[in-house]
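Have a look at the structure below, then the notes.
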């Protein structure tokens, strides 16, 4: 089956400090469905810190009792500005994505997130 025709954009986050900020979009997957996710970091001029990306999951439909530990995490390095990184999600029910500065020196300009589901369902 083809990829879902809609690319979904989360609300842009501004002023990224060293505290996790969560995007407003959550990604809910059906069985066998996956999602391609892209996060873009917009760094301050001459940055010192990088941007960390956090992915957490929950089994809950509406109460959203999120895991306390990242399911997936990585760092977008500040050597290209802005800089994008993509990853795939599969096998869980509901995901949320957050970002933070890796240090206390920089409050980065902003972060963006997009995702597209593959539309496959068991």
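A search for C-beta distances below 6 Å between a residue of the range 20-43 that is touching a residue at least 60 places away in the same chain (Cβ under 8 Å) and at positive phi and any residue that is part of a strand (DSSP E or B) and surrounded by fewer than 20 Cβ atoms within 10 Å (Cβ to Cβ), counting only pairs 6+ apart in sequence or on different chains, returns nothing.
Quickly run through the range 44-73 and pick out the residues that are under 17 Å from residue 114 (Cα atoms) and either free of Cβ contacts under 8 Å to residues at least 12 places away in the same chain or surrounded by fewer than 15 Cβ atoms within 10 Å (Cβ to Cβ) (or both). Residue satisfying the conditions is 73 alone. Consider the range 86-103 and keep the residues that are part of a loop (DSSP other than H, G, I, E, B) and either in contact with a strand residue (DSSP E or B) (Cβ under 6 Å, 6 or more places away or on another chain) or more than 15 Å from residue 75 (Cα to Cα) (or both). The one that is modelled with the highest pLDDT is 102. Among the residues of the range 88-111, those that are surrounded by 15 or more Cβ atoms within 10 Å (Cβ to Cβ) and farther than 12 Å from residue 51 by Cα comprise 89, 92, 94, 95, 96, 97.
The values are calculated or read from the model by the stated rules, or taken from the named source; none is laboratory data. Worth saying up front: this structure is predicted, and the values here are computed from it rather than measured. No Cβ is skipped: glycine too gets one built from the backbone with ideal geometry, and neighbour counts run over all protein chains shown.
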